[in-house]
Amino acid sequence: MLNVLFPSLPYQRALDPMWQEEADQACQLGYTVCLYDAEQHKLYHAPVPTQPTLYRGWMLTATEYEALATLTPLLVSAAQYAASHYATGWYAALVPFTPSSVIAPAKQAAAHVQQLLQTEGRCFVKGLTKSFGRDSVITSLADFSALRHQQALADDELLMVRAFVELAEQAEERYFAVQGSVYGAAGRAFPSALQSVIASLQTRWFYTIDVAYTRQGQPLIIEIGDGQVSDTKEWLVPDLYHQVIQTLVQCTANG
């Protein structure tokens, strides 16, 4: 079967309530529910050693994830986690399918911002794992300076400077992928125009693909994420576990 490792409340042998619904679903499927206290770097309810262990919890840095892996072997390796979690791990594979981008340290990113402002009038700046909300839309160098100040971005912190794309008003779609199989909420099919990108991501065990559409209806991949730390968004928790996590368990059993 499977160990599922959820966050505990800090310094407590108690599940973080934000993960209660998923923990209940895991129990219903017969999985072993374990807890991880990131503050103390400690496991509660130790995983069954003969079962693979899947982390489902808050985002971890690569260093934090590697530290977690010292406590128990994880189904998703540290290398796979980093390849999905950070834009540096997936952007090159998605160049034809995602907004044009440059990854550069914050101190050097201003030159790339200025170039896009001159040619396009605006751009989009995000971190390697998430955007800065409305502040990510940059229309002047003053906006970029304000973003750096508000987010306390160090000179060497890597940023992703992206061409701004006008998107349709419909919400982004989150797809969960298990190796080469991709699943959409409520049975939604993955856009056929993006299908060819899956082969380049297949070395990853468990990841997410966020898709948006231009105003002309063209699908674009906004980002890749690690499936362990991606929220459910439009997914129902039972569907995620019955359709995606169960598939992951089967793939693990089949080697």
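Nothing in this text is a laboratory measurement; each read-out follows from the coordinates by a stated rule. All values derive from a computational prediction rather than experimental measurement. As a convention, Cβ positions derive from the backbone with ideal geometry for all residues, glycine included, and neighbour counts pool all protein chains shown.
For the range 1-49, enumerate the residues that are of a type in the set (S, T, N, Q) and loosely packed, with under 15 Cβ neighbours inside 10 Å.
Hits for the range 1-49 are GLN12, GLN20, GLN28, GLN40.
So, of the residues in the range 111-141 that are assigned to a helix (DSSP H, G or I) and in contact (Cβ under 8 Å) with a residue 40 or more places away in the chain, which turns out to be surrounded by the most Cβ atoms within 10 Å (Cβ to Cβ)?
Across the range 111-141, the extreme among qualifying residues is VAL113.
May I ask you to say which residue of GLU172, GLU157, GLU234 is touching a helix residue (DSSP H, G or I) at 6+ places or on another chain (Cβ under 7 Å), charged (D, E, K, R) and under 23 Å from MET18 (Cβ atoms)?
The match here is GLU234.
Can you name the number of the only condition in (1) touching a strand residue (DSSP E or B) at 6+ places or on another chain (Cβ under 9 Å); (2) exposed (fewer than 14 other Cβ atoms within 10 Å of the Cβ); (3) without any contact (Cβ under 8 Å) to a residue 60 or more places away in the chain; (4) not in a helix (DSSP H, G or I) that ALA171 fails?
Checking ALA171 against (1) touching a strand residue (DSSP E or B) at 6+ places or on another chain (Cβ under 9 Å); (2) exposed (fewer than 14 other Cβ atoms within 10 Å of the Cβ); (3) without any contact (Cβ under 8 Å) to a residue 60 or more places away in the chain; (4) not in a helix (DSSP H, G or I), the one that fails is (3).
Go through the range 176-187 and give me each residue that's in a loop (DSSP other than H, G, I, E, B) and without any contact (Cβ under 8 Å) to a residue 60 or more places away in the chain.
Within the range 176-187, GLY180 is the sole residue that qualifies.
Check PHE144, PHE190 and return the single one that is touching a helix residue (DSSP H, G or I) at 6+ places or on another chain (Cβ under 6 Å), more than 25 Å from PHE6 (Cβ to Cβ) and without any contact (Cβ under 8 Å) to a residue 40 or more places away in the chain.
PHE144
Taking GLU66 and the conditions (1) touching a helix residue (DSSP H, G or I) at 6+ places or on another chain (Cβ under 6 Å); (2) more than 21 Å from TYR241 (Cβ to Cβ); (3) surrounded by 18 or more Cβ atoms within 10 Å (Cβ to Cβ); (4) not small (Gly, Ala, Ser), which numbered condition does it fall short on, given that it satisfies the others?
(3)
May I ask you to list the residues in the range 157-167 that are touching a Lys or Arg at 6+ places or on another chain (Cβ under 8 Å) and under 19 Å from PRO96 (Cα atoms)?
Result: MET160, ARG162, PHE164, GLU166, LEU167.
Sort out which residues of the range 43-69 are free of Cβ contacts under 8 Å to residues at least 12 places away in the same chain and not in a loop (DSSP other than H, G, I, E, B), and write them in order of number.
THR63, ALA69
Return yes or no: is GLN243 of a type outside the set (Phe, Trp, Tyr), touching a residue at least 60 places away in the same chain (Cβ under 8 Å), farther than 27 Å from ALA62 by Cα and surrounded by 17 or more Cβ atoms within 10 Å (Cβ to Cβ)?
yes
Does any residue of the range 148-166 turn out to be farther than 18 Å from THR214 by Cα, free of Cβ contacts under 8 Å to residues at least 24 places away in the same chain and part of a helix (DSSP H, G or I)?
yes
Exactly one condition in (1) touching a helix residue (DSSP H, G or I) at 6+ places or on another chain (Cβ under 9 Å); (2) more than 27 Å from PHE6 (Cα to Cα) is not met by ALA78; state its number.
Here ALA78 clears every test but (2).
Only one of these is surrounded by fewer than 17 Cβ atoms within 10 Å (Cβ to Cβ) and under 17 Å from LEU94 (Cβ atoms): SER230, SER196. Name it.
SER196
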